[in-house]
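Contents: one structure, followed by commentary.
Derivation of every value follows stated rules applied to the coordinates shown; laboratory data play no part. Fair warning: this is a prediction, and the values are worked out from it, not measured in the lab. Cβ sites come from the backbone with ideal geometry, for glycine too, and all protein chains shown count toward neighbours.
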Amino acid sequence: MSKFWKITIYDTHKEYGGPEEGGWYYTAGVAERYLPKKFSSRQAAFEYCKKIKNRVDAATEKTFGRPGISNSYSMFQMRIWFNGHGPDELPIPYYC
């Protein structure tokens, strides 16, 4: 089996995790688009994410408004996955 990396773009937002330790949030969302391109290394996938970042940011602004002004929680985010396109839904909870 060959090793490859793929990119999934998620429609994400922040969810309130609870009041513990002063309150915490995590990223939740659903897969918006599975990019069909496969990359031979994680670095190559990362470089491609950097290349399309402006388009993803423009789609975020068009869909949700300008981050920090009208919206601080919803955005499109790219995630890199090993040997697949990643889950259909997030969360992958973590402290912010």
Inter-probe distance in nm under a simple model that places probes 7 Å from Cα toward Cβ, at Tyr16 and Trp81:
3.1 nm
Sequence-distant residues sharing a close amide H with Arg33 (under 5 Å, placed H):
Ile9
Can you tell me the orientation of helix 42-64 relative to the chain, as the angle in degrees between its alpha-carbon axis and the longest Cα principal axis, to the nearest 10?
40 degrees
Computed about the Cα centre, the charge dipole of the chain from +1 Lys/Arg and -1 Asp/Glu charges at the Cβ has a magnitude in debye, to the nearest 20, of 720 debye
Here the convex hull volume per residue of the chain, taken over Cα atoms and given in Å³, is 112 Å³
Provide the gained length on full extension for the span Trp24 to Ser2, in nm with one decimal, where the gain is 0.36 nm per separating residue minus the Cα-Cα distance.
4.0 nm
So for the pair Ala44, Glu61, with labels modelled 7 Å out along Cα→Cβ, what separation do we get in nm?
3.2 nm
